[in-house]
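Everything below concerns the one structure shown next.
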Amino acid sequence: MITLISSDKRKFHVLEEVANQSLTIRDVIEDRRGRRRADRIILVTNINSKIPEKVIVYWLRHFLMPEEIAHASMSHKKAEKLKKWEAKFFDTDIDTLNDLILAADSLDIPSLFDGACEKVSDILKNRSAEEVGEISKIENEFTHEEEEEEIPSENAWVWRNEFA
Amino acid sequence: MTTNIDDLIDDILLCVISFLPPKDAARTSILCRRWRYLYGRCPSIAFDQRNFGGDGEFRTKIFLNIISSTLLFYKGESLEQFKLVFNANATYKLSKCPTYFDSFLRTAREKNVRSICLEMSYASSTVLHDKTNKPNTEDEYCLPSYIFKCASLQRLILKDCTLGTIGTPSLQNLAVLHLIRVEGSKQSIQELITNCISLRELAVEGCPLLAKLQISLLKLETLSVRCCHQMKSLRISAPNLFSLNFEADLFNKLDFNLLKPEELRCVRLCLCQQKEYINGIFFELPKPPSSLTRAKEFTKFAMELQNTKNLSLASSSFEDFAIEELLQFAPLQLHNVKHLSLKGWIGSRKAILGVSILLALMPSIESLILEFTENTTEKPQDSTVTDEEPIDFPSIDCLNYTLKRITLRKFVGDEAELILLKHILQHAAFLDEVCIGWGKEKHVNLEDINELKNSKSIKIIDE
């Protein structure tokens, strides 16, 4: 058993085999092998407790079939099921997704990272710059000239409507 | 505490941007100062002509110009991915503007590209090869040889491309190579494969002209060879092979040679004849050569599969396996096969015999999946199974203790299927579970199958 502690001091107990899906955790455990029990506690900083919960759920789902995923030998039905499950899993608000991306990045879980990135890009897809700015809470600080002339000339094709 | 998207570091944002379609990705540059130059560093450049409407000369040229300016203004250190998909039915063929193409590939190479994916799909994706749809080979654009000298390349996926002269490839770091409907001189494909010494994953599909292939790669783990109908000789020497997917005309004098793959654990074989493929399953009755030659071919094949645990066989009809000589080949027993999956038509006593023979050959099966397909053979089915003369099925006593689980797919419960099911149930004493997925029709109620009703210990899952 391994204990993960989130930044708001909540504890999560996970089987070592399950947590091994995080390459970071696997390395840490490998380094500490043979030492005291206290060393099986891992702090996951700058992540609030909602995220470890989600990450662990993700781990458990993937733990059941790691080899099959790696070698693409999964049956069609199973792959379909997993796809559906992932779609549901990633169907949350953009803030949670950002947190998930951060967590996946620091814990080094490539499939989770890619999945979350893809979902965020799905949310930003097919929207105007204003909408994207609103969703991502980014303030437009360009001057009028920049916005009207300079930037559109850089990638001219993007602003034409013919490539819908 | 929540994370705003703007709090993420550049590298992560670049990953998010690389998932966006090119137009949306480029538009992120107007969001704010920080994002303005992010797009220029996005490590993935992927364009699909189908999303750019129109395929006339004018549109195609604009499309090509957009790609070349995107490539030119790329500011990152190394390019992760460069992907191009061209419209299948474009009226303006790309072969008319080879210079664009050459410059793309040259620029990509200068940017130390890691993954190149080129798709020039002519045929629809379900039919794996159909020459009538292809333009004359003279019009086709041949890939320049220098992309085969790109040392940074790790992944190369080519669909519907034509290889020109490839010189001496030097792709030391290439780990993944997919050649799908690739044409070229006979030696070029072989040369390419031989020289990629670090390959881990190789797929050769729909190269109908390929007659001989020798694969000798130390690191190879995954191999898929499909739809190469002229294949006369395939020699594989890959000690670390893990997964093999091979579909070919097995009984058509194929010289198949697989050298000691000790790791091989996952095999998918498809016995098939020629021409039409629909989702990889083949529907046509084989022109039967004498059963003894077939038995020998199968033996040769089986000898190579001694370490295999999962075996799946698909055939137009199980009659293919009704070769009683198989039982006499002692070394043929595949003791390591634990999970067997069979797919094909069953509707005659001969087909049932075929299945029984296969089962008798694999004495350690724990789970068995039977998928029944419709009769697609040329033989009309006038007579029902009951009219035929009974054949003695070989004993499958060996399954007594091991078989735990049977899964039936597209089960309709006609006579032939029931005979087979009863035959298996009679012998499998320690069966735990029977899982039934019904087909379109349903000729029988589960309660009517005595063998299932009598044994209380079997769990029946009715899907």
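The values are calculated or read from the model by the stated rules, or taken from the named source; none is laboratory data. Quick caveat, the model's predicted, so the values are computed rather than measured. All Cβ positions, even for glycine, are placed from backbone atoms using ideal geometry, and neighbour counts span all protein chains on display.
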> If a residue has to be buried (at least 16 other Cβ atoms within 10 Å of the Cβ) and part of a loop (DSSP other than H, G, I, E, B) to count, how many in segment B:5-20 make the cut?
Replying inline: 3
> Within segment A:123-134, restricting attention to residues that are in a helix (DSSP H, G or I) and at the interface with chain B (Cβ under 8 Å from one of its Cβ atoms), which residue is nearest to A:ILE94 (Cα to Cα)?
Replying inline: A:LEU124
>> Of everything in segment B:157-181, what is within 17 Å of the chain's Cα centre (by Cα), modelled with pLDDT of 85 or more and buried (at least 20 other Cβ atoms within 10 Å of the Cβ)? Give them in sequence order.
In response: B:LEU158, B:LYS159, B:LEU177, B:LEU179, B:ILE180
>> Just checking, does segment B:182-198 include any residue being part of a strand (DSSP E or B), among the acidic types (Asp, Glu) and more than 21 Å from B:GLN81 (Cα to Cα)?
In response: yes
>> Could you check segment B:18-27 and list, in sequence order, the residues that are within 24 Å of A:THR143 (Cα to Cα) and more than 7 Å from chain A (Cβ to nearest Cβ)?
In response: B:ALA25
>> Every residue in segment B:54-73 that is within 18 Å of B:CYS117 (Cα to Cα) and among the hydroxyl-bearing types (Ser, Thr, Tyr), please.
In response: B:SER68, B:THR70
>> Can you pull out every residue in segment A:65-92 that is within 13 Å of chain B (Cβ to nearest Cβ) and modelled with pLDDT of 85 or more?
In response: A:PHE90, A:THR92
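Each row is one residue, and each column tells you yes or no for (1) within 26 Å of B:PRO43 (Cβ to Cβ); (2) at pLDDT 85 or above; (3) of a type in the set (Phe, Trp, Tyr); (4) in contact with a helix residue (DSSP H, G or I) (Cβ under 9 Å, 6 or more places away or on another chain).
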residue: B:ARG106; (1), (2), (3), (4): yes, yes, no, yes
residue: B:ARG114; (1), (2), (3), (4): yes, yes, no, no
residue: B:ALA123; (1), (2), (3), (4): no, no, no, yes
residue: B:LYS134; (1), (2), (3), (4): no, no, no, no
residue: B:LEU153; (1), (2), (3), (4): yes, yes, no, yes
> For segment A:101-115, which residues satisfy the criterion of being more than 9 Å from chain B (Cβ to nearest Cβ) and out of contact with any Asp or Glu (no Cβ under 7 Å at 6 or more places or on another chain)?
Replying inline: A:ALA103, A:ALA104, A:SER106, A:LEU107, A:ASP108, A:ILE109, A:PRO110, A:SER111, A:LEU112
>> Out of everything in segment B:31-53 that is farther than 28 Å from B:PRO98 by Cβ and assigned to a helix (DSSP H, G or I), what residue ends up being farthest from the other protein chains (Cβ to nearest Cβ)?
In response: B:ARG41
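One line per residue, one yes/no per condition, for (1) modelled with pLDDT under 80; (2) more than 7 Å from chain A (Cβ to nearest Cβ); (3) in a helix (DSSP H, G or I):
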position: B:THR3; (1), (2), (3): yes, no, no
position: B:SER29; (1), (2), (3): yes, no, yes
position: B:ASP55; (1), (2), (3): yes, yes, no
position: B:ARG59; (1), (2), (3): yes, yes, yes
position: B:ILE67; (1), (2), (3): no, yes, yes
position: B:THR70; (1), (2), (3): no, yes, yes
